[in-house]
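Worksheet for the structure shown next.
The values are calculated or read from the model by the stated rules, or taken from the named source; none is laboratory data. Small disclaimer: the values here were computed from a predicted structure and weren't measured. Note that each Cβ is placed from the backbone with ideal geometry, even for glycine, and that neighbours are counted across all protein chains shown.
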Amino acid sequence: MEDKIRIAIDAMGGDRAPRVVIEGAIKAASIYDYQILLVGDTRKINKFLNIYNGYPKKKIEIVHASETVKMGEPAAASFRKKKDSSIAVGLKLLKEKQADIFISAGNTGAVVTASTLTLKLLPHVERPGIAVIFPTLHEPTFMIDVGANIDAKPTHLFQYAVMGEAYYRYILKKEKPTVGILNIGEEESKGTDFIKEVRELLKKSKLSFVGNVEPREIFKGKVSVVVCDGFVGNIVLKVTEGFAEASTQFLKRELTKSLLPKIGAILSLPAYRAIKKKIDYTEYGGAPLLGVDGAVLIAHGASDAAAIKNAIRVAGEYVKQKVNEHIVEQLVEYGKELQING
């Protein structure tokens, strides 16, 4: 009989922690057969746990951490000064094999820095990358990197492509994911020398490389994995989030201007709900930090209980599918031909 998967989660991380984290953990514990470790201030966690009755208490443990990294704190400084933060303690559990994966909706920079310094990197990986799933008109698009590494080299983007393909294959269940590089045009002549060098690496590799991908093509779902440096990827992510929020407000304003649009809105409510579900980030759980020697998921700071529950679901799949093992295998396989990290 296999040991139960142990998922450590930063109970103090996120805009509405620890309440929504605890609520999401309870929802997940009622569905999935995982052991959930709530990392944070024991007193505060118990305060919220005591509100709920009838949840599977044997599936939930508390691991005390006396400090919390706030959202605006500098990443490196928080790692040095707060050795007993919920992020540091959760990653220590992961490093010491007392947990199989760590989830945090807290300070992203702090999670990336602490993960890299605590866990180190997987063999053949030079820089970690954060990946996010974008819902599209067809299959989801997986973009890496969206903020972990803003000073990337061509080999880093090659590694991102391999890591992204492995994650897509084993978590999103597509046998041969396609890979593209984010660029200002589809033509081979477009882009900086950096982009052209990355393109040549990907073109020569065993990956299913389809070429350049323009930003406007992301939501059409024409490619499985899109690679870019963390600076560009983070801008794409933030613009997308901002546009989604603004579009919702635009729609609400127009639908409440007069009686006729209000009636139309009521009749169209099922369609609106279906669209909202499709584009809702909470459905995808969290963004994997790929490349570190341990499984780490970064949830959105605004995560609600549903998002936390889904992050725990994805975390279980991440561990079951042994994604990091596949990443290392594919980096060796694809890199040898190009004499990269082989």
Just one listed residue, out of Glu188, Glu96, is free of Cβ contacts under 8 Å to residues at least 40 places away in the same chain and more than 30 Å from Ala25 (Cβ to Cβ), and it is Glu188
Residues in region 187-232 that are of a type in the set (S, T, N, Q) and part of a loop (DSSP other than H, G, I, E, B) total 4
Taking region 227-241 and keeping only residues that are under 15 Å from the mean Cα position of the chain (by Cα), over 21 Å from Arg199 (Cα atoms) and not basic (Lys, Arg), one is left with Leu237, Glu241
Taking region 78-111 and the residues there that are part of a loop (DSSP other than H, G, I, E, B) and basic (Lys, Arg), the one that is surrounded by the fewest Cβ atoms within 10 Å (Cβ to Cβ) would be Lys97
Expected single match for closer than 18 Å to Ala17 by Cα and among the aromatic types (Phe, Trp, Tyr) among Phe102, Phe79 is Phe102
Margin query: Whether any residue in region 168-186 is more than 26 Å from the chain's Cα centre (by Cα) and outside any helix (DSSP H, G or I) is what I want to check.
Written below: yes
Check: Could you say whether any residue in region 46-67 is hydrophobic (A, V, I, L, M, F, W, C) and over 17 Å from Pro18 (Cβ atoms)?
Finding: no
For region 195-210, pairs from a residue that is within 14 Å of Val226 (Cα to Cα) and assigned by TED's automatic domain parsing to the domain that holds Gln159 to a residue that is assigned to a helix (DSSP H, G or I) and of a type in the set (Gly, Ala, Ser), with Cβ under 8 Å and 6 or more apart or across chains, are Leu202/Ala161; Leu207/Ala161; Phe209/Ala161
How many residues of region 20-43 are part of a helix (DSSP H, G or I) and surrounded by fewer than 17 Cβ atoms within 10 Å (Cβ to Cβ)? The answer is 4
Within region 60-98, residues more than 18 Å from Met12 (Cα to Cα) and at pLDDT 95 or above come out as Lys95, Glu96, Lys97, Gln98
Scanning region 19-32 for residues that are in contact with a Leu (Cβ under 9 Å, 6 or more places away or on another chain) and under 16 Å from Phe102 (Cα atoms) gives Val21, Ile22, Ala25
Residue hits (region 202-212; under 12 Å from Ala161 (Cβ atoms) and either among the aromatic types (Phe, Trp, Tyr) or touching a strand residue (DSSP E or B) at 6+ places or on another chain (Cβ under 9 Å) (or both)) are Leu202, Lys203, Ser205, Leu207, Ser208, Phe209, Val210
Somewhere in region 278-285, is a residue modelled with pLDDT of 80 or more and either outside the structural domain of Met71 (by TED's automatic domain parsing) or over 19 Å from Lys27 (Cα atoms) (or both)? no
Within region 194-236, the residues that are on the phi > 0 side of the Ramachandran plot and either crowded, with 20+ Cβ neighbours inside 10 Å or at pLDDT 90 or above (or both) are Gly211
